[in-house]
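Please treat every number below as a calculation from the coordinates, not as lab data. Here the structure is a predicted model, which means the values were calculated and not measured. For neighbour counting, all protein chains shown are included, and Cβ atoms are generated from backbone atoms with ideal geometry for every residue, glycine included.
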Amino acid sequence: MGGNITAEALDRDERRIGVYICHCGLNIADTVDVEAVANYAGTLNSVAVARDYRFMCSDPGQDLIKNDIKELNLNRVVVASCSPRMHEPTFRKACEAASLNPYLFEMANIREDCSWVHDDREVATQKAKALVRAAVARVYYNDPLEIKEIPFNPDTLVVGGGIAGIQAALEIADSEHKVYLVERDPSIGGHMIQLDKTFPTLDCSQCILTPKMAAVGAHPYIELLSYSEVEEVSGFVGAFKVKVRKKARYVDEDKCTGCGLCQEKCPWTADSEYDVGLSKRKAIYTPFAQAIPNVPVIDRDSCAYFLKGKCRACEKFCETGAIDFEQVDQFIELEVGAIILATGYDAFDPSTISQYGYGIYDNVITGLQFERLSAATGPTGGEIRLKDGRKPESVAIIHCVGSRDQNYHEYCSRVCCMYGLKVAHIVKDKTNADVYEMYIDMRCFGEGYEEFYKRVSEEGVNFIRGKVAKVTDKAVSEEEEGKLVVICEDTLLGSIIRVPVDMVVLCIALEARSDAEEVARKFIISRRADGFFLERHVKLDPVATPSDGVLIAGCCQGPKDIPDTVVQASAAAARVLAMISKGRVTLEASVSHVNEDLCIGCGRCEELCEFHAPKVGIYEKPMPVSRVNEALCKGCGACAVACPTGAISIKHFKPEQILAMVDALAET
Amino acid sequence: MQALTPYKDAIDIVKEAGGEAFEQCYQCGLCSGTCPWNLVTSFIVRRLIHQAQLGLVDFEDDDLWLCATCGACVARCPRGVEIIDIMRAMRNVVAEVGAAKVPDSLRITAKNIASAGNPQGEAREIRGNWAEESKVKTFTEGTELLYFSCCVPAYDPKVRRIAQATAGILNKAGVDFGILGAKESCCGESIRKAGNESIFQSLANSNIQAFTESGVSKVLVSSPHCYHTFKNEYPALGGNFEVVHTAQYLLELIRDQKLKLTKELNKKVAYQDPCYLGRHNGIYDEPREVLRSIPGLELIELPDSREESICCGGGGGRIWIETKKGERFSDLRLEQAIEAGAEILAVACPYCMLNFDDSVLTMDKGEIIEIRDISELVWGAI
């Protein structure tokens, strides 16, 4: 450790800056002459003390700062070490512990910005000195900022009633805090309620999900808003305001007993969404028997009364008079502290890959359609049947349909290998057909997954390594007559292979919801290039988003299986419960500030701000001026740059702070 | 059994020859499954790429010369691997580094192109002879359009009709155009795909110089191969000209009412998408529009058309390599056309015309179907 207290600095002026240069073991010290940098820092204006130390982030390192603040009366601190993303909070806390306002601290990044990217020790040392010089110049102008807190609304909004939303809602509600669960469809359940068995344990999906659905329906702390969508979101963490559109069901929820007579009598049908087009449902319908809530909706697009003005059969037969053709959409205003988005995924439409024949050949189906065929609640009562009712004698399962393919989605959908294996198992079990899995790589990474792969192999499933090029009904041999022929290279044999089968199951990709962009805009969150919602940090903060108080769970953040979805949903719930438990929200202190004497009320800041923080209005002055809601402001600075009169500055990023840095860097 | 060891020098040599795209391949085999060769014989494209990845390419292997660069595999490849670049690089290692022997017919063709500027080895002076009876002037400074016929129509008496029909149409429509005759060289597209990069470079430079010196700004081509290289490859060498294919230009003339198609052709016509017009350059609709403009003509689609079109077999230098009877894509394609009830198979590429004319002859189908370039059909309808 080197120390360098310059005596004359003690009484040079009122600024007393402590500078600490971190070795970071050898991460910095290997490339930068840290002692030389510390010595140099000691010569800078207003620097009272400059030291170097092996690990500034360690307890003894922090103690150095704390002791110097007290003993040397420091009123500004600079640490030159790693990225502020790593340790700025650490050192700010150390300052606070020594009763120094944390905003009087400044960090110079001499690791990522210097030692890690340079080899030449001399040049790196020069650069480290310049970065320290800039930080010292800046901290000179730093102001102490007030840290404000507001109370946190303990009610929560969960958007999406699939397994992710259900899990998150139950975990929060079980702690006796109110949850609003908004579901777009007539019932909660999501994709999971459509599945037959779940890999690798083969639990019946409905059997494990319906108890949770029923718990949601009956929970005193959950208010279920089904057939509803979020229209508008305003406010901020701890105090969101949400407008929900409750779509007209044309059925009075209070009067309906769920007897089902209306559905029985309705003469009009449409393709069943639940059965993915494999069966019909009525124009008035509950999507499936265990629907929560058990209240039907009328689908205007297939109802004869709405289309032609005649029918009303449901109304005639309803004994409680629950049918209400006059119902209109309602708008409900909610106030919540946090929001969990669990909006799920869309299944990839394989008809865009024309060579696979989906939509052309009857017996080319998607994995989701297979689930419905296999489920006891499905159109065949759980029998695996071809379109013409025959039992298949051979089935091909094609992996990576729309995944791992830059023509569609470059990412791996993570669940397809496993559901492909499950399909193989079910086909074997129920039909004893010959099964072929055409795969590129088998990805069986979860608990019990590899074991399941082995089990399915032992059941006699044939594995062919190759991406399928084509499915055709054009036979070139007698054996192929009347069959679907799957053509690919068996890359392990190094030969083209033609496999005649009766049924083809496409392991379709999971993709971002088609309206994900609109939802992201509504909740002010970002999307990744692949369309899914962007988490705050891919490894260390996968449930948060850049919008404080807006969390994400399940497949809206990226394809994942049920165990991972449940984990993420629970994590999001835990995050919300932590906020509720704390009960207050700390607001960002480095926010935008308007000098009302300079403001001309032009409103450019208001137009630009993504977070709706500035509002132009008439406040104390007779003329309109802009004012910033500090709770909404993220301190991004967009308004300050655009302000034509220079009325706006960002606290902690004032022009004199920035210009001092620039001047210091320009010095040689 | 002898174990193999990855051979770094051989990996690098293919990379240096421009085949570094093999690094992206994840060996799914979709290329093999898509390749039209596997309709007639076996060609495991993926294995060749894997050999390149490990530096274990057998440069003596005849498979190296199979790829017709039709682009079907590239269009589908899930990793977007430029497979044609890999093929070209491996051939380059044979042709220019000398890793093995180049097939005889290709070697002779390369020599012809290098010395005479055309694959047939004909004299440069007679390149423009086809134009004598069509009253075509020589392109001079100020002429609006250069017509670049391609070597095949220029020298091959059987295919000359493409150039003559095109010249006839241009004259009729009053277009101010000319040819450069002896100053033109082969565009070089196919010899490049056959691995002869240096020959391509010198052909391209010679054409760019000839075009530039004569003040050419816009070039009309009959061959999608010329189109592809002029449009997509010459700019990197400093040749920036506006390039149009006859399919596009004819449609323009028809739309602008500079051509009036009045004579009926009451026939069923199928159209063969040339790989270098379709998959390589995305031009599918214009030739079909041109055909539909001919009164009486009934356009029918082949089973595999547009993006799915099956190659005639003539790309990638294959036009100069003998393909065994029974392995010719053009035979398959002709059968498809006949089965679909086509009386004429319309083409928009001189290579397609050579291959299909040959198929008609060797399969003895001359009484059932004929091969016509779209320019011929338009010329006949005026």
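In terms of other Cβ atoms within 10 Å, B:Leu261, B:Leu220 run from fewest to most in the order B:Leu261, B:Leu220. Between A:Lys148 and A:Ser83, how high is the FRET efficiency from 1/(1 + (r/R0)^6) when r is the Cβ-Cβ distance and R₀ = 22 Å? Nearest 0.05. E(calc), rounded to 0.05, equals 0.25. Using C-alpha pairs below 8 Å separated by at least 6 residues, the relative contact order for segment B:106-251 is 25 percent. Ranking A:Ala376, A:Val662, A:His23 by Cα position along the charge dipole of the protein assembly as shown, where only Lys, Arg, Asp and Glu carry charges on their C-beta atoms, puts A:Ala376 farthest toward the positive end.
A Cβ-based charge dipole, computed about the Cα centre of segment A:524-668 with Lys and Arg at +1 and Asp and Glu at -1, lands at about 400 debye. The H on the amide N of A:Arg16, modeled in the peptide plane, is under 5 Å from the matching H of A:Asn75, A:Arg76, each at least 5 residues off or on a different chain.
Backbone phi angles across segment A:609-626, fed through the Karplus curve with coefficients 6.51, -1.76 and 1.60 (θ = phi - 60°), yield HN-Hα couplings of 5, 5, 9, 6, 7, x, 9, 8, x, 9, 10, 6, 8, x, 9, x, 9, 8 Hz in residue order; Gly and Pro are listed as x. Over all orientations, segment B:5-96 has a Cα convex hull whose mean projected area works out to 5.4 square nanometres. Taking every C-alpha pair closer than 8 Å and separated by at least 6 residues, the mean separation divided by the residue count of chain A gives a relative contact order of 12 percent.
With neighbours defined as other Cβ atoms within 10 Å of a residue's Cβ, the residues A:Leu74, A:Leu665 order from fewest to most as A:Leu665, A:Leu74. Applying a threshold of 28 Å to the alpha-carbon distances of A:Lys243/A:Lys615; A:Lys282/A:Lys308; B:Lys111/B:Lys137 flags B:Lys111/B:Lys137 as lying beyond it. Taking the longest Cα principal axis of chain A as reference, the axis of helix A:121-139 is set at about 80 degrees. Were the residues from A:Glu176 through A:Glu450 laid out at 0.36 nm apart, the gain over their Cα-Cα distance would be 94.7 nm. The trypsin sites (Lys or Arg not before Pro) of segment A:286-356 meeting both criteria, a DSSP state outside H, G, I, E and B (loop) and at most 14 other C-beta atoms within 10 angstrom of the site's C-beta, are A:Arg300, A:Lys310, A:Arg312. When chain B is treated as a GNM with alpha-carbon contacts under 10 Å, the residue of B:Arg279, B:Arg255, B:Arg124 showing the greatest mean-square fluctuation is B:Arg255.
The A:Leu492 and B:Glu307 beta-carbon pair, evaluated with R₀ = 22 Å, returns a calculated FRET efficiency of approximately 0.15. Separation of the alpha carbons by more than 22 angstrom is noted, of A:Lys467/B:Lys15; A:Lys197/A:Lys483; A:Lys241/A:Lys654; A:Lys422/A:Lys454; A:Lys621/A:Lys654, for A:Lys467/B:Lys15; A:Lys197/A:Lys483; A:Lys241/A:Lys654; A:Lys621/A:Lys654.
For B:Lys158, the lysines whose Cα falls under 20 Å of its own Cα, not counting residues fewer than eight places away in the same chain, are B:Lys135, B:Lys365.
A simple spin-label model places pseudo-atoms 7 Å from Cα toward Cβ; at A:Asp597 and A:Val123 they are separated by 4.8 nm.
Over chain A, the pair-distance histogram of Cα-Cα distances with 20 Å bins from zero comes to 16, 36, 30, 16, 2, 0 percent, rounded to whole numbers.
In this rough spin-label picture, where each label sits 7 Å from Cα along the Cβ direction, the B:Glu233-B:Lys258 distance is 2.9 nm. Rounded to the nearest 10 degrees, the inclination of helix B:45-54 to the longest alpha-carbon principal axis of chain B is 50 degrees. About its Cα centre, chain A has a charge dipole of approximately 640 debye under the convention of +1 per Lys or Arg Cβ and -1 per Asp or Glu Cβ, with nothing else charged.
By the count of other C-beta atoms within 10 Å, a proxy for reagent exposure, B:Phe356, A:Phe55 are ordered fewest to most as A:Phe55, B:Phe356. Across segment B:98-140, the residues whose backbone nitrogen lies under 16 Å from the label position 7 Å along the beta-carbon direction of B:Lys218 are B:139-140. Measuring nothing but how far apart in sequence close Cα pairs (under 8 Å, 6+ apart) lie, relative to its length, segment B:88-185 scores a relative contact order of 29 percent. Could you tell me the center-to-center distance, by alpha carbons, between segment A:8-75 and segment B:1-55 in angstrom? First find each Cα centre; the distance between them is then 58 Å. Label-to-label distance for A:Glu253 and A:Glu319 is 2.4 nm, based on points extended 7 Å past Cα in the beta-carbon direction.
Distance cut-off 24 Å, Cα to Cα: go down the list A:Lys212/A:Lys280; A:Lys560/A:Lys582; B:Lys8/B:Lys324; A:Lys247/A:Lys310 and report the pairs above it. From the list (A:Lys212/A:Lys280; A:Lys560/A:Lys582; B:Lys8/B:Lys324; A:Lys247/A:Lys310), the Cα-Cα distance tops 24 Å for A:Lys212/A:Lys280; A:Lys560/A:Lys582; B:Lys8/B:Lys324. Rounded to the nearest 0.05, the FRET efficiency derived from the C-beta distance between A:Glu517 and A:Ala574 at R0 = 22 Å is 0.15.
Length gain on complete extension for the stretch A:Ile332 to A:Asp362, per 0.36 nm per residue less the alpha carbon to alpha carbon distance? That works out to 6.3 nm of additional length. Of the chymotrypsin sites (Phe, Trp or Tyr not before Pro) in segment A:369-471, which ones lie in a loop per DSSP and count no more than 12 other C-beta atoms within 10 Å? Those satisfying the criteria are A:Phe445.
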